[in-house]
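Participant: Please read through the structure below; I'll follow up with questions.
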Amino acid sequence: MKTDAGTVSPTRALAATVFAFVSAHWVLTLVSALVIRAAYKRYASPLRKYPGPFLASFSRLWMVKSTASGRTHLDHIELHRKYGPVVRIAPNEVSIASPEAARTLLSAGKRFFKTPFYGVFPPPENPDIFTETREDVHATKKRVANVPYSMAAMQQLSPFINDTIEVLFKKIDEHIDNRRGIFDLGAYLHYFAFDVLGEVAFSRSFGFLAEGRDVDNAIKTIDKSQTYNGIVGQVPELDYLLRRNPLWQFIPWLSTKNALITRMALEEMARRQPFDKDNAGLLRTGDGRRDLMASLIQGHLKDPERFREGDVFAVAHGAIFAGSDSTASTMQSFFWHILDSKPVYQSIVREIEAAVKDGTIPATGNISWNEAQNLPYLQACLKEAMRVRPAVGLNITRLVPPEGAELDGIRFPGGVSIAANGWVLHRDRETFGADADLFRPERWLEDEENAKRMERYMFQFGGGSHLCIGRNLALLEINKVVPRLLREYRFELAHPGQPLRANASFFVVQEGLEVYVKRA
Ligand code: HEM
């Protein structure tokens, strides 16, 4: 364009030249822009001093790739062995290996808040206790939910667990009586954990045990959804293009709206309407049992403004997602480890037999929580299984508060993400000993003081204000079913020495725990 005087303005001339260059060399321009952006991310960040994979220093691709591989827990162990205690795993994120640092990171009141990773877990429009990232809202919801999740309340749920144990034992007996050979104990423990939660949450069994299969592919659907959450959670903005995109629901195999578990939760919500003080607790059979949904409805009736109807649904429904794969994975790890080592298995069987003989545990029928606590070797094996194979395989990630913070002597700037992975933390040799990689239950029994110290650095249930709300239920369930299985049956691995197949979506979902089983 010409000026009044008929000459071209220098600015316009420059713009025209740049435009012409970009049009002619757009590939080169795009590549250069990406390189500059990557270099900026790599070098301008205060995290540049920390080592890590090259890809991770300028993009989140390393995290996406590692999560998609299903073995991110193992990747993180390798990373820390290679690079040391603080590793840069994304431009704005480091992973830490120090259990002391992790304790501070997860402590209540230190203001390390959840990252947007959690916002990807459904339903984003109505977060539950796990997915809520606003700390004040989370605290309100958790206060209400803490009541039905307390150990006292859980003890009242024992009859639900007992009923489910009976179904499991009937299936094992049928298997033995019909001489069916290899028994997929891992799958049945998975069905058991899901059915217990159906009973506990809605007074309804999902029927996995009774049918001996994944009815309606419900478990697969949850696992697929968790895989999506884990991967997309690494780049949460992508969720707007994918699951939060209105077109997503038209892709039938991706939508979870009609999944068995969601359908059941919705049916139960509808069946219990209208919520009122008289009937909220005692709905199913008039036998006085109060399930989780009933207790949450009571919480809602007490404070309808702060714990809304939608929260009742979200928390009860979320319990199935948070509590089933996690509990199943823990039991599978426990069984695999004790069966993989003949001396360990023999010690545990000896302990159970002696406990029956001296009346510590009953010879038949249910075993109570308190009775199971009197089996120290079994308890040590359980703790050790949760140490070497914690059920959560992905990182637990928190944001450093804006003013920055110190973790185990290292100062981190505000706004960066800090990741802690249980598989890494639980292998810390200073805390757990030079043989921390090994499954060795005796470490919990050798020295009481040391056992207490190790206990402080166990993260299988997370920590601080986000400590797992379902841990009492999970531990109760495990302590009721595991000693009873060990008392009544004898197991042998069908494929000795073959490790479990493990895929970390959020939880480490495991397969391959196949055994020969006979009556004790
Ligand atoms: C052995 C079984 C279980 C393990 C290993 C486990 C593990 C964990 C871990 C590590 C966290 C913290 C996650 C984080 O901060 O990112 C967590 C949180 C949570 N878990 Fe569990 N869990 C188990 C069973 C259950 C059960 C049975 C339920 C419910 C019925 C449950 C419900 C929850 C909820 C709602 C949260 C979020 C707590 C919060 O943020 O305040 N979990 N769990």
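Readers should treat all values here as calculations from the given coordinates under stated rules, not as data from a laboratory. Not measured: the values here are computed from a predicted model. Neighbour counts run over all protein chains shown; Cβ positions are idealised from the backbone, glycine included.
Participant: When you have a sec, figure out the Kirkwood radius of the chain from all distinct Cα pair distances and drop it here in Å to one decimal? Mind dumping the intermediate values first?
Facilitator: Working: mean 1/r = 0.0398 Å⁻¹.
Radius from the Kirkwood sum: 25.1 Å.
Participant: If I model a spin label as a point 7 Å beyond the Cα along the Cα-Cβ vector, how far apart are those points for Ser107 and Glu449 in nm?
Facilitator: 2.3
Participant: P(r) for the stretch 472-520, please, calculated from all Cα pair distances in 5 Å bins and given in %.
Facilitator: Over the stretch 472-520, the share of Cα pairs per 5 Å bin runs 5, 17, 15, 19, 26, 14, 3, 0 percent.
Participant: Still on this structure: How large is the charge dipole for the chain, taken about the Cα centre, if only the Cβ atoms of Lys, Arg (+1) and Asp, Glu (-1) carry charge, to the nearest 20 debye?
Facilitator: On the way: 65 positive and 59 negative charges, 301 e Å.
With only Lys, Arg, Asp and Glu charged at Cβ, the dipole is about 1440 debye.
Participant: Along each of its three principal axes, how wide is the spread of alpha-carbon positions in the stretch 79-133, in whole angstrom units, largest first?
Facilitator: On the principal axes, the stretch 79-133 reaches 40, 24, 16 Å in Cα extent.
Participant: Can you order the peptides 147-153, 94-100 by their average number of other Cβ atoms within 10 Å per residue, highest first? Intermediate values should be presented prior to the final figure.
Facilitator: Details: 147-153: 16.1, 94-100: 23.0.
Packing proxy ranking, top to bottom: 94-100, 147-153.
Participant: Along Cα→Cβ, 7 Å out, is where each label goes; now give me the distance between the ones at Ile36 and Leu241 in nm to one decimal.
Facilitator: 2.3
Participant: With an 8 Å Cα cut-off and a minimum separation of 6 or more residues, compute the relative contact order for the chain in percent. Intermediate values should be presented prior to the final figure.
Facilitator: Numbers: 750 pairs, mean separation 113.9, N = 520.
Relative contact order for the chain comes out at 22 percent.
Participant: Checking the table Lys171/Lys342; Lys110/Lys302; Lys170/Lys480; Lys65/Lys142 against a 28 Å threshold on Cα-Cα, which pairs fail?
Facilitator: Numbers: Lys171/Lys342 26 Å; Lys110/Lys302 30 Å; Lys170/Lys480 16 Å; Lys65/Lys142 33 Å.
Long pairs (Cα-Cα over 28 Å): Lys110/Lys302; Lys65/Lys142.
Participant: While we're here: Just from its helices, what would the mean residue ellipticity at 222 nm be for the chain, if runs of 4 or more DSSP H residues each count -39500 (n - 2.57) and the sum is divided by every residue, rounded to the nearest 500 deg cm²/dmol?
Facilitator: Details: 22 runs with 268 residues, N = 520.
Here the helix-only value at 222 nm equals -16000 deg cm²/dmol.
Participant: Could you grab the Rg to Rh ratio for the stretch 427-520? Cα atoms only, Kirkwood for Rh. Walk me through the numbers on the way to the answer.
Facilitator: Values: Rg = 16.4 Å, Rh = 16.5 Å.
My calculation of the ratio gives 1.00.
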